[in-house]
Amino acid sequence: MRTEKETLKFRKIFGIYTSSVVVAALAIIAGIAVGIYALNSSFQELEAEHNGHMQSITLSADRNLASLFKFCRQELHEEARMATNLSVDDFMVNAKKNELLSDSTMKAIAVITDGKVRSCTNSSIRKLSFYCDYSTDNPCICTDNNNNAYIALIEPVSSPNNIVVGLLNMDNFFKRFAGMELSEDYWMALYDMQHGLCIQNNQEEPFINNVNYENAIKYGAGLGIMARSEQYDEMIFDEYSQESKSPHSSEYIVTALPQSHSENGYYAIGLAIHTDHYTRTLTDIFLRTAICGALILFGILVLFIINRKHSRVNQQMRANISLLNEQNARLQELLSAADEFAHQQRLVTIGTLASSANHEFSNLLTPILGYSVMAMEKAQDDEEMMDYLEKIYLAASKSKELVARFLRMSRRSTIRERVDLSPDELLENVEKVLNPSRPHNVKVITDYNCPDKCLYAYETEIEQVMINLILNAFQAMKNEGGTLTISTSHTDEYVNIVLADNGPGIPEEIKQHIFEPFYTTKEEGSGTGLGLSIVNQIIEAHHGRIELDTVVGQGTTFRIILPIY
């Protein structure tokens with residue numbers, strides 16, 4: 001039997017143990033409660049963030065649609081204006097060159113005569129069916145003979161029976177301007193409330209839904225929410241569900257922007273997402289968090305054990321890795337230096353020779369200028385002699401100025417660093433330097449429109465590109481003569497430099513190889529030796545591109561597009 005002392009001791013120990021268990025249980029319960037509260041807060045924050053994200057996508061799609069309408073209308077208006085004096089066939093030849101067609105959102109440009117497709121830049125489109133009156137210049141929803149859905153931008157021609165139509169590829173619009181791939185979790189729609197037409201993308205291809213405003217109001221689906229948004233004249237969030245044979249939920253959350261609040265001015269915009277998307281997202285977050293937490297704890301334990309047993313080995317490995325990284329960095333520097341040296345070696349040689357020759361010319365011109373002044377002082381009474389001497393002095397002065405420009409260029413030939421560069425000033429200087437090389441039967445016209453734009457570029461390399469292209473144009477036109485037009489223009493992001501001549505043009509078999517290394521059609525001693533292959537490499541190194549457009553017997557145009565920094 002226990003003594004009273006042992007009983008008291010047992011009770012004390014049991015009380016301590018019980019209290020510890022209770023405290024541990026309460027701590028666990030409190031931890032679970034805090035975790036549930038934190039998880040719920042995270043879910044609410046995620047929902048609010050997702051709603052904001054949906055609103056941002058909707059507004060972004062609206063702004064992009066408005067910008068697309070404005071840009072396309074300007075281009076189509078110009079095409080329609082030119083169509084006044086051209087036949088349909090000639091018009092289509094010009095239309096195929098329009099930069100609109102380089103944008104994936106513009107499917108095609110077509111000419112419609114008396115309701116029928118007369119000609120189209122996309123040969124697969126032979127018929128267009130409009131869902132509303134296309135006699136106005138408002139955008140219209142239509143389909144082609146393959147039942148593909150488009151938004152058509154209308155531009156009338158002077159002839160009342162002809163119109164120019166730009167077809168916007170709605171599948172590419174949804175993917176590009178909504179900023180996402182629309183899967184079964186998402187759909188997006190543009191709704192023309194006036195005509196009761198909706199073009200949406202919640203299937204494999206965009207399709208058109210013909211639902212008038214009154215019927216749409218009664219719908220519980222997304223179109224009904226868009227109609228109510230138009231009715232209340234405000235952007236709204238709402239939910240709806242619909243019957244579905246699929247096993248997952250058919251409930252959606254919808255963001256609707258009314259037409260009156262849109263920048264595009266014609267279409268209300270709706271964006272919807274499956275509520276299952278929330279569930280899957282939150283489940284993924286929970287599972288990933290739990291798995292990552294377990295892996296992190298396990299990894300910390302493993303790393304601690306490995307570090308305790310193999311600390312010296314790890315230190316040696318880190319030292320070896322550090323040494324290898326240093327050696328690799330040095331090797332990369334050597335390779336880069338070797339490549340740079342190979343690229344600059346010829347330029348250095350040319351610069352040295354040019355500098356030496358220009359110094360000699362400068363030394364020869366100095367006494368001509370000096371003796372001309374002295375002779376003019378002695379011949380002040382002889383007007384005819386003074387006139388001759390003044391002409392000698394002016395010619396020598398211009399020659400000395402030209403030599404000075406060559407000297408400045410030759411001194412920069414070995415400098416390789418990016419600088420803020422005005423394209424207009426660079427082209428003006430290059431044109432002046434090359435003016436003595438211009439054949440007498442060749443005329444140069446300049447049109448510079450970038451006085452306040454700058455390129456962050458290697459000045460010497462851009463100069464070499466311009467010198468090469470201008471001398472090529474002079475060489476091409478030296479026999480028959482012609483005109484070289486040098487112009488600059490810009491957008492918000494790029495500077496466009498265009499050199500266009502009306503010389504003999506480049507045959508197709510040569511055009512295909514024009515940018516290949518070591519390919520040339522010039523006789524030995526002609527040209528700069530730089531080559532269009534190097535020109536192309538320089539432009540690409542500046543994150544730009546060079547485009548060639550040439551027609552035999554009509555001329556050649558080089559278009560250089562460089563980013564503005």
> In nanometres, what is the gap between the two model label sites at Q380 and A329, each 7 Å from Cα along Cα-to-Cβ?
Replying inline: 7.2
>> Given R₀ = 25 Å, what would the calculated FRET efficiency be for H53 paired with H261, taking r from the Cβ atoms and rounding to 0.05?
In response: 0.85
> Which residues in region 113-147 place their backbone N less than 13 Å from a point set 7 Å from the Cα of V88 along the Cα-to-Cβ direction?
Replying inline: 113-121, 126-128
>> Taking 0.36 nm per residue of sequence separation and subtracting the Cα-Cα distance, how much length would be gained by fully extending the chain between R118 and K511, in nm to one decimal?
In response: 138.2 nm
>> For a quick check: with amide H placed at 1.01 Å from N, whose amide H comes under 5 Å from I236's, ignoring anything fewer than 5 positions away on the same chain?
In response: A256
> In nanometres, what is the gap between the two model label sites at H195 and V444, each 7 Å from Cα along Cα-to-Cβ?
Replying inline: 5.3
>> Run the numbers for N161 and K391: contour at 0.36 nm per residue of separation, minus the present Cα-Cα distance, in nm.
In response: 76.2 nm
> Taking a threshold of 24 Å on the Cα-Cα distance, which of the pairs K432/K453; K97/K443; K432/K478; K391/K478; K97/K432; K453/K478 fall above it?
Replying inline: K97/K443; K391/K478; K97/K432; K453/K478
> Using 19 Å as the cut-off for backbone N distance, which residues of region 99-137 belong to the label zone defined by a point 7 Å from the Cα of N145 along Cα→Cβ?
Replying inline: 107-131
> What nm value, rounded to one decimal, do you get for the distance between N172 and I291 when each label is placed 7 Å out toward the C-beta?
Replying inline: 3.8
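Readers should treat all values here as calculations from the given coordinates under stated rules, not as data from a laboratory. Just so you know, these numbers come straight off a predicted model, no measurement behind them. Positions of Cβ are backbone-derived with ideal geometry, glycine not excepted, and every protein chain shown enters the neighbour counts.
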